[in-house]
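K.L.:
Structure below; questions to follow.
Here, each number is a calculation from the coordinates, and none is a lab measurement. Treat the numbers as computed from the prediction; the structure is a model and nothing was measured. Ideal geometry is used to build each Cβ from the backbone, glycine not excepted, and the neighbour counts take in all protein chains shown.
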Amino acid sequence: MPATDTINELRKRFKPEAARNLNATYLINVKGQGGGAWLTKINDGACDIVEATPNTPADCSISIDIDDLEAILTGRMAAMTAALSGVLQIDGELGLAMQLVPIFFDGTN
């Protein structure tokens, strides 16, 4: 699955109520064939995801292989497990990255 499809899936999954009182930018680097970089801006219940370059400044940068991202989105891998095991590389505050779980994954993945 191309990274653009997985990013579109994240757009569909966004839960505004879980993102209230959060103002942060996340750079999501998807590695592998069909990968890319996206800047995710969350501002008090609103979300904007736009294409970016891998060096775009953000509060938190997350890098993941396209296959691992697909595994998270399909429920074959828990987002929290991916983060804690190093499958998801986080540059910045871990707590800020963990806030994405309930926003995009219902807190169950």
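K.L.:
Could you work out the relative contact order of region 3-104, using alpha carbon pairs under 8 angstrom and six or more residues apart, expressed as a whole percent?
P.N.:
28
K.L.:
In Å and on Cα atoms, what radius of gyration and Dmax does the chain show?
P.N.:
When restricted to the Cα atoms of the chain, Rg and Dmax are 12.4, 35 Å.
K.L.:
In addition: Could you check what % of the DSSP bridge pairs in region 3-104 are antiparallel, to the nearest 5?
P.N.:
75
K.L.:
Also: Enumerate the amide H contacts of residue 52 below 5 Å, restricted to partners 5 or more residues apart or on another chain; note that Pro and chain-start residues carry no placed amide H.
P.N.:
Distant-sequence amide H within range of residue 52: 37, 38, 39.
K.L.:
What ³J(HN,Hα) values, in whole Hz, does the Karplus curve 6.51 cos²θ - 1.76 cosθ + 1.60 give for region 71-85 when θ = phi - 60°, with x put for Gly and Pro?
P.N.:
4, 5, 5, 8, x, 7, 9, 7, 4, 5, 4, 4, 5, 6, 8
K.L.:
So what are the ³J(HN,Hα) numbers for region 41-50, from phi and the Karplus equation (6.51, -1.76, 1.60; θ = phi - 60°), rounded to whole Hz, Gly and Pro as x?
P.N.:
So the J values, rounded to whole Hz, are 10, 10, 9, 6, x, 10, 9, 10, 10, 10.
K.L.:
Let me ask something else. Just grab the label-to-label distance for residue 8 and residue 33, each label 7 Å out from Cα along the Cβ direction, in nm (one decimal).
P.N.:
2.0
K.L.:
Using θ = phi - 60° and the Karplus curve 6.51 cos²θ - 1.76 cosθ + 1.60, what whole-Hz ³J(HN,Hα) does each residue of region 53-67 get, with Gly and Pro shown as x?
P.N.:
With the stated coefficients, region 53-67 comes to 9, x, 9, 4, x, 8, 5, 8, 10, 10, 10, 8, 6, 4, 5 Hz.
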